[in-house]
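Report on one structure; see the data block that follows.
The values are calculated or read from the model by the stated rules, or taken from the named source; none is laboratory data. Predicted model only: the values in this text are computed from it and were never measured. Surface areas here come from the heavy atoms of the whole protein model, side chains and all, with no ligands, DNA or RNA. Shrake-Rupley method; radii C 1.70, N 1.55, O 1.52, S 1.80 Å.
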Amino acid sequence: MSDELGFEARTVRPYAVTGGRVRARSDLPLEALVEALPGSASRPGLPPEKRSILRYASEDYISLAELSALLHLPIGVTRILVSDLADGEYLRIISTTVNDELPTGESPALSLSVLESVLNGISAL
């Protein structure tokens, strides 16, 4: 996919891209994966940076770090834009953080107790 933001958009100050905000609502890890929700890439009214994120995320899962590099934006700016898109239900964030307790319906693959059991099993071999 070509860089559609163009030189002018990349020279805009980060605070202009984020509407003056300097922190995302959540501290997303660099390796967090994002996935565009069906139909979100074609929804009108988004700035070019957010449209680009949705286009990249609609092709396949993509990490926050990859988006930052592809868009030539600082990681903090990318975090804010991704957080905004997730809040607006344009995309889904798949975090890679390990949890002790999982909300109902979450996959147990990231549960700390499951990971400890796997490690113990491997150690016993």
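Here are a few things to note about the model shown:
- Between amide H atoms placed 1.01 Å from N, distances below 5 Å from LEU91 occur with LEU37, ALA86, all of them 5 or more places distant or on a separate chain.
- Couplings 3J(HN,Hα) of the range 58-72, computed from phi: 7, 6, 5, 4, 9, 7, 4, 5, 5, 4, 4, 5, 5, 8, 6 Hz, in residue order, whole Hz [Karplus 6.51 cos²θ - 1.76 cosθ + 1.60, θ = phi - 60°; x for Gly and Pro].
- Ordered by solvent-accessible area of protein heavy atoms (1.4 Å probe), largest first, the residues TYR61, TYR90 come out as TYR61, TYR90.
- Per-residue SASA remark: GLU116, around 100 Å² accessible (1.4 Å probe; ligands, DNA and RNA not included).
- Estimated vicinal HN-Hα couplings, Hz - the range 83-90 in sequence order (Karplus 6.51, -1.76, 1.60; Gly, Pro = x): 4, 4, 5, 5, 4, x, 6, 8
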